[in-house]
1. It is to be established whether one or more residues within the range 1-13 are more than 13 Å from the chain's Cα centre (by Cα), assigned to a loop (DSSP other than H, G, I, E, B), over 28 Å from Lys180 (Cα atoms) and near the ligand (Cβ under 8 Å from one of its atoms).
2. Scan (1) surrounded by fewer than 18 Cβ atoms within 10 Å (Cβ to Cβ); (2) modelled with pLDDT of 95 or more; (3) outside any helix (DSSP H, G or I); (4) not aromatic (Phe, Trp, Tyr) for the single condition Lys22 breaks and write down its number.
3. Which of the residues that make up the range 1-23 are under 18 Å from Leu108 (Cα atoms) and acidic (Asp, Glu)?
4. Tally up the residues in the range 176-191 that are without any contact (Cβ under 8 Å) to a residue 24 or more places away in the chain and in a strand (DSSP E or B), please.
5. Applying the selection to the range 46-72, what residues are surrounded by 24 or more Cβ atoms within 10 Å (Cβ to Cβ), more than 9 Å from the ligand (Cβ to nearest atom) and in a helix (DSSP H, G or I)?
6. I'd like to know if the range 87-106 contains one or more residues that are open to solvent by 10 Å² or more (accessible area, probe 1.4 Å), within 9 Å of the ligand (Cβ to nearest atom) and in a loop (DSSP other than H, G, I, E, B).
7. Sort through Gly163, Gly131, Gly149, Gly173 and tell me the only one that's assigned to a helix (DSSP H, G or I) and either of a type in the set (S, T, N, Q) or open to solvent by less than 50 Å² (accessible area, probe 1.4 Å) (or both).
Amino acid sequence: MSKKLKDAYTLSSKEDTINLYKYWSKNYDKDFAVRNNYKSPQKVVKYFLKYSKQNDTPVLDVGAGTGLIAVYLKKKISIPIHAIDISKEMLDQSRQKKCYEKIIIADLNKKLNVGNCTYGAIVSSGTFTHGHLEANVLKELLRVVKPNGLFVISIHQSFFIKGGFKNQLESFGSMINNLKIHKVYIYGKIGSKIFNKDKVLITTFRKNC
Ligand SMILES: C[S@@+](CC[C@H](N)C(=O)[O-])C[C@H]1O[C@@H](n2cnc3c(N)ncnc32)[C@H](O)[C@@H]1O
């Protein structure tokens, strides 16, 4: 595991998060995504395309970072996507890609300045993981999603129980439906080998009407 990834997994405060991503933002795509053949954004897009319907818009990309999900999504379909992230510098990188209709700088651990039932879908990759966001954030995201809105989020496999996702999803009970969990590798092959065999659970469900 690279030092930066280790630093990311052990973040323990808002300030540390902001500082790490400020430092990482300019070379995140090259240094992390390309170098490690990082696949989570593409996998989230794959499952979004599989389960979404025409009216699942606008889409909110949670912990959007430098905008990798939006780049892949916009290659496939033309729909409005908004980005939300705590890191101004990561979002500055995403701005250059011109893939988001709206960019919001906000701490997802707090109540969002977003109206009830605003979004048709939530997508997220790499943000529900060690040192980042835990399952309690899902309650606020459920508030801002329209009835029948779609969630397609990656959750690090080894954080699913520790981060409270199993309990949170169970406690949603009849507030959600069609829960499906797909286990996929986070990283693709480099040469002929997958060097890092970590997995994420691409978790999909809809908010009940
Ligand atoms: C590993 S990056 C993932 C970025 C992008 N989704 C991707 O897959 O490349 C995690 C992102 O989560 C954001 N993040 C971490 N804690 C956050 C918080 N409390 N509120 C909002 N964003 C947060 C970071 O700023 C960072 O951009």
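1. Checked the range 1-13: at least one residue is more than 13 Å from the chain's Cα centre (by Cα), assigned to a loop (DSSP other than H, G, I, E, B), over 28 Å from Lys180 (Cα atoms) and near the ligand (Cβ under 8 Å from one of its atoms).
2. For Lys22, the failing item is (3).
3. Scanning the range 1-23 gives Glu15, Asp16.
4. Summing the residues that are without any contact (Cβ under 8 Å) to a residue 24 or more places away in the chain and in a strand (DSSP E or B) in the range 176-191 gives 1.
5. Passing the criteria: Phe48, Ala70.
6. yes
7. The match here is Gly173.
Yes or no, residue by residue, for (1) away from the ligand (no atom under 16 Å from the Cβ); (2) touching a Gly at 6+ places or on another chain (Cβ under 7 Å); (3) not aromatic (Phe, Trp, Tyr):
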residue	(1), (2), (3)
Glu134	no, yes, yes
Lys139	no, no, yes
Gly163	no, no, yes
Lys166	yes, no, yes
Leu169	yes, no, yes
Lys180	yes, no, yes
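The values are calculated or read from the model by the stated rules, or taken from the named source; none is laboratory data. Just so we're clear, the structure is a prediction, and the values are computed from it rather than from any experiment. Heads up, the Cβs are rebuilt from the backbone with ideal geometry, glycines too, and the neighbour counts pull from every protein chain shown. Ligands, DNA and RNA are excluded from the accessible area calculation, which covers all protein heavy atoms including side chains. Shrake-Rupley method; radii C 1.70, N 1.55, O 1.52, S 1.80 Å.
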